[in-house]
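Structure first, commentary second.
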Amino acid sequence: MPVFSLDPVQTAWCAELRALAVERLRPLAEKGEPGRVNRSLIAALGELGLLERLFGSEADSGAGRGTGSGGRTGTGAMELCLLRESLARGCTEAETALALQGLGTYPVVQAGTDRQRARWLPEVSAGRAVAAFALSEPGAGSDAAALALRAVPDGDGWLLTGEKRWISNAPEADFYTVFARTDEGAGARGITAFLVPADRRGLTGSPIEMLSPHPIGALSFDAVPVTRGDVLGEVDRGFRVAMNTLNLFRPSVGAFAVGMAQAALDATLEHTAERTAFGGPLKDLQSVAHRVAEMATRTEAARLLVYAAAEAYDTGAPDVPRRSAMAKLFATETAQYVVDSAVQLHGARALQRGHLLEHLYREVRAPRIYEGATEVQRTIIAKELYA
């Protein structure tokens, strides 16, 4: 399949997803409380089968490969990108809820034991359990290998001590995929991934009020006990679990951005065709028409980069890191430009609380930072180019 063209089945599925987002999911999203997990929305994603699409047949019984080898399981990158782009175009809250479930659960899909998978995958897929990906710390954001959360040996297990911060779905998740240092001084080679249920002794959390409306919080680990049965993959090889997860989800962050950009562009086309000023519709003003043309061109270019990165991932191409970084970089920066331009062309009404563009303006800023900031993506691209 050419990376620049979707087949009729994919096109029809995307249209169906956009309709579901507007008709079924947006009303639930509007009833949610900003900064809190919307469990009704997550349950609806489960009932519609969208969460199960993230994990494929792996979620049916919770059993599968679960070898810790980092092999690809669950959905492909292209399908994930189409999911996120289509939902974002109609309901960003639904898109984000789905993506966070995937991000928090994918370490279990790719590296969990049969027991871990049987316990959690069916619950997540059904929309009954909330997952969270706990990687970032107060002193380790873009430099994920600088993690300081310590896993101190304790008998046959460990005690986790330290903090996590900027964790989406915290502190309301039902379980966390937690990355902790098990070998001091070993850098990325001394990190282990753990599956930690939220009710584990010594684990507490608090919400953080943020610009974007989805839940984000901090976690405190006060000698939280974990065993070898909680390890995801292999001891001291957890960084690979984190990177495998991010490599899959990074292009789809770009897809989320493309969905927001397209929503802003759609609104702008309608507004500039109907709104009159200086004796005619706004679209007849060359400055407006040229701005809209630029918005459309950048959005389409971002979409193609995202699809190319997804196709590279799904086919096992050797240049996945470079393509993924390019897709996330260009798509998130493009979305910022398109949404900002849409606000400018709409005028003051776009700044009114509750307006689509006011909502998008708050949503669009964060993706340029999380899962690798723009500056980190440029570093990755440069490193790949000179390799």
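Here is how the numbers come out for the structure above:
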{"read-out": "Hits in the range 169-198 - residues which are assigned to a strand (DSSP E or B) and surrounded by fewer than 18 Cβ atoms within 10 Å (Cβ to Cβ)", "value": "197"}
{"read-out": "Which numbered condition residue 132 misses (of (1) touching a strand residue (DSSP E or B) at 6+ places or on another chain (Cβ under 9 Å); (2) outside any strand (DSSP E or B); (3) surrounded by 23 or more Cβ atoms within 10 Å (Cβ to Cβ))", "value": "(2)"}
{"read-out": "All positions within the range 277-309 that are closer than 23 Å to residue 259 by Cβ and in contact with a Lys or Arg (Cβ under 9 Å, 6 or more places away or on another chain)", "value": "292, 305, 306, 308, 309"}
{"read-out": "Residues within the range 365-387 that are among the acidic types (Asp, Glu) and either assigned to a loop (DSSP other than H, G, I, E, B) or in contact with an Asp or Glu (Cβ under 8 Å, 6 or more places away or on another chain) (or both), tallied", "value": "2"}
{"read-out": "Selection status of residue 263, in a helix (DSSP H, G or I) and in contact with a Lys or Arg (Cβ under 6 Å, 6 or more places away or on another chain)", "value": "yes"}
{"read-out": "Filtered residue count, the range 315-329, keeping only those that are over 18 Å from the mean Cα position of the chain (by Cα) and assigned to a helix (DSSP H, G or I)", "value": "1"}
{"read-out": "Subset of the range 298-313 [farther than 11 Å from residue 254 by Cβ and either among the polar types (S, T, N, Q) or crowded, with 20+ Cβ neighbours inside 10 Å (or both)]", "value": "298, 299, 311, 312, 313"}
{"read-out": "Residues being assigned to a loop (DSSP other than H, G, I, E, B) and touching a residue at least 24 places away in the same chain (Cβ under 8 Å) - total across the range 135-153", "value": "8"}
{"read-out": "Residue within the range 330-353 that is over 21 Å from residue 267 (Cα atoms) and in a helix (DSSP H, G or I) present", "value": "yes"}
{"read-out": "Flag if residue 350 is under 17 Å from residue 251 (Cα atoms) and surrounded by 18 or more Cβ atoms within 10 Å (Cβ to Cβ)", "value": "no"}
{"read-out": "Given (1) buried (at least 23 other Cβ atoms within 10 Å of the Cβ); (2) closer than 25 Å to residue 209 by Cα, number of the condition residue 85 does not satisfy", "value": "(2)"}
{"read-out": "So residue 289, is it over 30 Å from residue 179 (Cβ atoms) and either outside any helix (DSSP H, G or I) or assigned by TED's automatic domain parsing to the domain that holds residue 337 (or both)", "value": "yes"}
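Quick grid of which residues meet (1) among the hydrophobic types (A, V, I, L, M, F, W, C); (2) surrounded by fewer than 17 Cβ atoms within 10 Å (Cβ to Cβ); (3) modelled with pLDDT under 95; (4) more than 24 Å from residue 95 (Cα to Cα):
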position	(1), (2), (3), (4)
202	no, yes, no, yes
224	yes, no, no, yes
261	yes, no, no, no
273	yes, yes, no, yes
292	yes, no, no, yes
296	yes, yes, no, no
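The values are calculated or read from the model by the stated rules, or taken from the named source; none is laboratory data. Everything numeric in this text was worked out from a predicted model, so none of it was measured. Cβ atoms come from the backbone with ideal geometry, glycine included; neighbour counts cover every protein chain shown.
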